[in-house]
Amino acid sequence: MKKLLLLAVILFAGLAMNAQGKFEFKTETIDYGKVAKGSDGVRVFEFTNVGDQPIVVTDVKSSCGCTIPKKPKGAVNPGETGQIEVKYDTQNKVGPIRKTITVYSNASEPVKALKIKGEVLAEGKSVMQ
């Protein structure tokens with residue numbers, strides 16, 4: 001009887017450990033393309049929680065001070081969507097964009113790397129996309 005009870009506890013604990021939130025991003029890389037200096041540098045990574053527990057994003061960090069990420073406020077429940085906003089400084093940075101945004105959460109993948117890329121053109125250059 002003790003073995004059966006122990007087996008049941010282990011099985012239940014194993015199932016409980018697998019119950020987590022899970023990210024499904026629309027895209028993991030945002031391409032700004034070629035943008036003019038001083039243009040709007042705000043972009044959004046949208047995700048859906050396809051897991052069975054709420055996701056809480058505890059922190060978001062950028063590989064550079066020229067990129068400011070913003071995490072969602074509060075938990076994102078199963079089936080709901082959330083957003084991670086990223087603002088790149090197009091006013092003071094000219095040239096290629098290659099940055100990483102790292103997302104920290106309680107999801108099944110607790111550390112997630114997202115990318116932004118593109119190019120900020122100097123004043124006087126035409127923007128071609």
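The values are calculated or read from the model by the stated rules, or taken from the named source; none is laboratory data. Values in this document were obtained by computation on a predicted structure and should not be read as measured data. A quick note on method: Cβ atoms are made from the backbone with ideal geometry, for glycine too, and the neighbour counts reach across all protein chains shown.
Does segment 60-77 include one or more residues that are β-branched (Val, Ile, Thr), more than 20 Å from residue 26 (Cβ to Cβ) and within 17 Å of the chain's Cα centre (by Cα)? Steps first, answer last, please.
As a first pass, look at segment 60-77 and keep what is β-branched (Val, Ile, Thr): 60, 67-68, 76.
Pick out the ones that are also more than 20 Å from residue 26 (Cβ to Cβ) and you get 68.
Applying the additional criterion that residues be within 17 Å of the chain's Cα centre (by Cα) yields 68.
Checking segment 60-77: at least one residue is β-branched (Val, Ile, Thr), more than 20 Å from residue 26 (Cβ to Cβ) and within 17 Å of the chain's Cα centre (by Cα).
Within segment 42-79, can you find the residues that are in a loop (DSSP other than H, G, I, E, B), within 21 Å of residue 92 (Cβ to Cβ) and touching a Lys or Arg at 6+ places or on another chain (Cβ under 8 Å)? So that I can check it myself, show each step before the final result.
So in segment 42-79, the residues in a loop (DSSP other than H, G, I, E, B) come out as 50-54, 56, 63-66, 71-75, 77-79.
Next, from what is left, pick out any that are within 21 Å of residue 92 (Cβ to Cβ): 63-66.
Scanning segment 42-79 gives 63, 64, 66.
Under 7 Å between Cβ atoms, which residue pairs at least 6 apart in sequence (or on different chains) link something in segment 101-129 that is under 16 Å from residue 71 (Cα atoms) and modelled with pLDDT of 95 or more with a partner that is assigned to a strand (DSSP E or B) and of a type in the set (Gly, Ala, Ser)?
101/62; 102/113
Condition first: in a strand (DSSP E or B), in contact (Cβ under 8 Å) with a residue 40 or more places away in the chain and within 14 Å of residue 35 (Cα to Cα). Now tell me which residues in segment 80-100 satisfy that. Walk me through it before giving the result.
Restricting attention to segment 80-100, the residues satisfying the condition of being in a strand (DSSP E or B) are 81-88, 95-100.
Next, from what is left, pick out any that are in contact (Cβ under 8 Å) with a residue 40 or more places away in the chain: 84-88, 97.
Hits for segment 80-100 are 87, 88, 97.
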